[in-house]
Amino acid sequence: MKAALIATGSELVCGRVHEGNNYFLSQHLHAIGLPVVTHYVVGDDSEALRLAVEHALHIADIVVISGGLGPTVDDITFETLEKMFNLHPVVHEPSKERMEYFFNAIGKSVLPSDCKMVTVPDNAVVFVNDAGLAPGFAITVNGKDIIVLPGVPRELHSMIGKVIDYLESNYKLRKKQSVTFKVVMMREAEVDSGVREIVHDIKGVDVSITYEAGMTTVMLTANDEAMLPVDGIVDKAKKLFGSKLIYGYNSLEEKVVKVFASHGKTIAIAESCTGGLVSKRITDIPGSSSILLGGIVAYSNQAKVSLLGVNPDTLKAFGAVSKEVALEMATGVKDAFNADYGISTTGIAGPDGGTKDKPVGLVCFGIAGSATYTTQIQFAGNREQIRTMATNYILTRLLTCAGLE
């Protein structure tokens, strides 16, 4: 049993919008033992979509299409499938009623084109859209399933549970055992060396390693019905990667929040070059209010002095991008919020502003707790990558310095 995924939308092929639906769907289908063999991205072109569907049906048993279910002229998914398979359109009355209620609530009338959103094939299994108006649906064509979902990520995400239930009730899928963990602030080659050691004596395991901005994700998946020694794998990973290992958490920031919350410890954050990104990542996690007392983005020297209490003489002697200033920023924010730990970032994210002595990518960090720590790291990459790696580093180092790994 294999699946193929098709994302539609001219905004995707011309680069205006990043395509993420296929990635999201692949993760969820893989988790239930349904391998995905290929991804397609096509514009709002009926012929291009027809060719993609035909090819997908040739190589896969299940085809999942996202996008093209809206009310406008460029939403052509249903019309394309209708012509290909001689489908008979009907209005899905429950979805129509929800649509009418929505428009009435905002003082709008339903237009004839709006009914396009709630039109489905007459023999389809319908997936109600709890986060929008256009329902998804599934049809069977020549013994193969075509599943069509809204392209709006929020709506597609809300519908994935219904899709998984449909697939599991109609197919005998065998979930493959897998172990996933992340390693932060290590080179991909270093992680690969450790993974080779972990799986050396394990038979029937597929290894997937991906890297992005200082974060390496490792997925170990059992072949067929093989069983993985999960406890042994995790134990080896802990010994090899130490505090840089993220296992049992969805992200580094989730690990920080949950670990600090479990120990009743609080933090405060002072940021310069990261511009609030550290605080943003922490507050993305539910329950972060139990550990984060506050944050200050002190971009200018004046702000560092007036808001964080950095000594003007320190700035004059060492410059804003220095370990000395980073430590005073961390101490200042810790004292300002009366937190258990204060952390700070100050650096040159680029693309401009670097010098021979302090090039683009240089970031200094400070941590103030029962003891203090400061260092500087030279990162490589573009502005976004440097800022992301800086946040990865300070959160990882915070766990280490606090002894809460």
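FYI, it's all coordinate maths here, none of it is from the lab. Not measured: the values here are computed from a predicted model. Don't worry about glycine lacking a Cβ; one is built from the backbone with ideal geometry, like all the others, and counts go over all protein chains shown.
Hey, which aspartates and glutamates would be in cross-link range of LYS144, C-alpha to C-alpha under 18 Å, not counting anything within fewer than 8 residues on its own chain?
Once the sequence-local aspartates and glutamates are set aside, what remains near LYS144 is GLU54, ASP61, GLU82, ASP122, ASP165, GLU168.
Post the alpha-carbon centroid distance, region 338-384 to region 131-148, in whole angstrom.
Measuring centre to centre over Cα atoms gives 50 Å.
Where both residues lie in the chain, what percent of DSSP beta bridges are antiparallel, nearest 5? Could you put the intermediate results ahead of the total?
On the way: 41 of 67 bridges.
So the antiparallel bridges amount to about 60 percent of the total.
Report the longest stretch of the chain that contains none of the trypsin sites (Lys or Arg not before Pro) sitting in a DSSP loop with at most 15 other Cβ atoms within 10 Å.
Details: sites that count: LYS2, ARG16, LYS108, LYS172, ARG174, LYS175, ARG187, LYS203, LYS356.
For trypsin sites (Lys or Arg not before Pro) (loop position, at most 15 other Cβ atoms within 10 Å), the longest site-free span of the chain is 204-355.
When we measure straight from the Cα of LYS238, which lysines land under 22 angstrom away, once same-chain ones fewer than 8 places off are left out?
The qualifying lysines are LYS182, LYS203, LYS255, LYS258.
Springs between alpha-carbon pairs under 10 angstrom, Gaussian network model over the chain: which of TYR171, TYR299, TYR373 fluctuates most?
Comparing TYR171, TYR299, TYR373 in a Gaussian network model of the chain, the most mobile one is TYR171.
Among all helices in the chain defined by DSSP H, which have a length of 24 Å or more along the axis from Cα atoms plus a Kyte-Doolittle mean of at least -1.0? Can you show the working numbers first?
Details: long enough: 153-170 (25 Å, -0.43); 383-402 (29 Å, 0.02).
Passing helices, by number: 153-170, 383-402.
Can you figure out the FRET efficiency of TYR247 with SER169, using R₀ = 41 Å and their beta-carbon distance, to the nearest 0.05?
Working: r = 32 Å, r/R0 = 0.78.
Efficiency, rounded to the nearest 0.05: 0.80.
Among DSSP beta bridges whose residues both lie in region 252-402, state the antiparallel percentage, nearest 5. Let's see the in-between values first.
Values: 13 of 23 bridges.
Around 55 percent of the beta bridges assigned by DSSP in region 252-402 are antiparallel ones.
Anyone know which of GLY204, GLY143, GLY276 comes out most mobile in the 10 Å Cα GNM of the chain?
For the chain, modelled as a Gaussian network with Cα springs under 10 Å, the answer is GLY143.
Below 23 Å Cα-Cα, how many Lys pairs turn up in region 1-129? Only count pairs eight or more apart in sequence, or on different chains, if you could.
Values: LYS83/LYS116; LYS96/LYS108; LYS96/LYS116; LYS108/LYS116.
Taking the Cα cut-off of 23 Å, the pair count is 4.
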